[in-house]
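Read through the structure below, which is laid out as structure tokens, and then see the notes.
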Amino acid sequence: MLDPAIGVLIIACLALLLASAALHKLRDLRRFTEIVRAYRLLPAGAERLAPLVPLTELALAVGLLITPLRALAISLGIVLLLGYAAAIAVNLARGRRDLDCGCGAGDAARPIAPWMIARNLVLVLLLTVSLTPWHLRPLSPTDALTVGAGLAVATLLYESLDRLLGRLGLRTALLRGPR
């Protein structure tokens, strides 16, 4: 069984990640729509539905925080993240390594890379773990401190790794040159 403090930490981290990704996309829907079109996975004209992606992310972030909706939000979050991983994998297989990931990390375009697939699969694993039954013990003030500090550390670690791997990807793309 999952300790509730760990469960809350996982849920808080993923809710924050989904909400921040959604807000980034909503800040420039035109650019995000262009990114969706560039992936070339949807039929012509379907990119008009691109605004539904950040709205879905935002709804899932909220759903994760509402106990009766949590299992549904987790399940849909898993589907969404697997969809993102598949979209990246398909385009990497097509050799389209210069495609902007559209994943909401800063305003600069970042090319898709295999590590982004692995990142999404780790996030899927975390969501899957949070589906396991939780101990029924009440959360204490110490748990709240643990969750708050854990959220801060996890956020800093995620951002650091994301930026580091993103920069490595850009440098690798520059070294490879145009294809």
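Sort out which residues of segment 142-155 are closer than 20 Å to Arg119 by Cβ and over 15 Å from the mean Cα position of the chain (by Cα), and write them in order of number.
Step one: list which residues in segment 142-155 are closer than 20 Å to Arg119 by Cβ, which gives 150-155.
Matches in segment 142-155: Gly150, Leu151, Ala152, Val153.
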Would you check if there is a residue in segment 112-124 being touching a residue at least 60 places away in the same chain (Cβ under 8 Å), closer than 16 Å to Leu18 by Cβ and not acidic (Asp, Glu)? yes
Applying the selection to segment 71-87, what residues are open to solvent by less than 40 Å² (accessible area, probe 1.4 Å) and more than 28 Å from Leu164 (Cα to Cα)? Ala73
Residue pairs, Cβ under 6 Å, 6 or more apart or interchain, first in segment 80-102 and touching a residue at least 12 places away in the same chain (Cβ under 8 Å), second part of a strand (DSSP E or B). List them. Arg97/Pro111; Asp98/Pro111
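Considering each of Arg110, Arg137, Arg94 in turn, give the residue that is modelled with pLDDT of 90 or more and either under 20 Å from Tyr39 (Cβ atoms) or in contact with a strand residue (DSSP E or B) (Cβ under 8 Å, 6 or more places away or on another chain) (or both).
Details: Arg110 fails: modelled with pLDDT of 90 or more; Arg137 fails: either under 20 Å from Tyr39 (Cβ atoms) or in contact with a strand residue (DSSP E or B) (Cβ under 8 Å, 6 or more places away or on another chain) (or both).
The conditions single out Arg94.
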Residues (within 15 Å of the chain's Cα centre (by Cα), hydrophobic (A, V, I, L, M, F, W, C) and more than 17 Å from Leu23 (Cα to Cα)) located in segment 60-80: Ala73, Ile74, Leu76, Ile78, Val79
Report the residue count in segment 13-39 for those that are part of a helix (DSSP H, G or I) and closer than 18 Å to Arg119 by Cβ. 13
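Looking at segment 137-154, can you tell me whether even one residue there is within 26 Å of Leu65 (Cβ to Cβ), touching a Cys at 6+ places or on another chain (Cβ under 9 Å) and open to solvent by less than 40 Å² (accessible area, probe 1.4 Å)? Let's see the steps before the verdict.
Quick first cut of segment 137-154, residues within 26 Å of Leu65 (Cβ to Cβ) only: 137-154.
Of the ones still in play, those that are also touching a Cys at 6+ places or on another chain (Cβ under 9 Å) are 150-151, 154.
Filter again for open to solvent by less than 40 Å² (accessible area, probe 1.4 Å), leaving 150, 154.
Yes; the residues of segment 137-154 include at least one that is within 26 Å of Leu65 (Cβ to Cβ), touching a Cys at 6+ places or on another chain (Cβ under 9 Å) and open to solvent by less than 40 Å² (accessible area, probe 1.4 Å).
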In a helix (DSSP H, G or I), surrounded by 15 or more Cβ atoms within 10 Å (Cβ to Cβ) and modelled with pLDDT under 95 - does that describe any residue in segment 56-65? no
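Please enumerate the residues belonging to segment 104-136 that are touching a helix residue (DSSP H, G or I) at 6+ places or on another chain (Cβ under 9 Å), open to solvent by 30 Å² or more (accessible area, probe 1.4 Å), on the phi < 0 side of the Ramachandran plot and not in a helix (DSSP H, G or I).
Of all residues in segment 104-136, those touching a helix residue (DSSP H, G or I) at 6+ places or on another chain (Cβ under 9 Å) come to 104-121, 123-124, 126-132, 134-136.
Of the ones still in play, those that are also open to solvent by 30 Å² or more (accessible area, probe 1.4 Å) are 105-109, 114-115, 117-119, 121, 126, 128-129, 131-132, 134-136.
Going one step further and asking which of them are on the phi < 0 side of the Ramachandran plot, we end up with 105, 107-109, 114-115, 117-119, 121, 126, 128-129, 131-132, 134-136.
Residues satisfying the conditions are Ala105, Asp107, Ala108, Ala109, Leu131, Thr132, Trp134, His135, Leu136.
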Looking at segment 1-27, I want the residues that are closer than 13 Å to Thr146 by Cβ and have a partner that is among the aromatic types (Phe, Trp, Tyr) and surrounded by fewer than 18 Cβ atoms within 10 Å (Cβ to Cβ) with Cβ atoms under 7 Å, at least 6 apart or on another chain. Which pairs are those? Pro4/Trp134; Gly7/Trp134
Residues in segment 1-39 that are under 22 Å from Trp134 (Cβ atoms) and charged (D, E, K, R) total 1
Is there any pair with a first residue in segment 154-169 that is touching a residue at least 12 places away in the same chain (Cβ under 8 Å) and a second that is of a type in the set (D, E, K, R) and open to solvent by less than 90 Å² (accessible area, probe 1.4 Å) whose Cβ atoms are under 7 Å apart and which are 6 or more apart or on different chains, and what are they? Gly166/Arg110; Gly169/Arg110
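Sort out which residues of segment 88-103 are surrounded by 17 or more Cβ atoms within 10 Å (Cβ to Cβ) and over 13 Å from the mean Cα position of the chain (by Cα), and write them in order of number.
At the first step, the residues of segment 88-103 found to be surrounded by 17 or more Cβ atoms within 10 Å (Cβ to Cβ) are 88, 91-92, 99, 101-103.
Residues satisfying the conditions are Asn91, Leu92, Leu99.
The values are calculated or read from the model by the stated rules, or taken from the named source; none is laboratory data. Just so it is clear, the structure is predicted and the values come from calculations on it, not from any experiment. As a convention, Cβ positions derive from the backbone with ideal geometry for all residues, glycine included, and neighbour counts pool all protein chains shown. When the accessible area is computed, the model is the full protein with side chains, heavy atoms only, and any ligands, DNA or RNA have been set aside. Shrake-Rupley method; radii C 1.70, N 1.55, O 1.52, S 1.80 Å.
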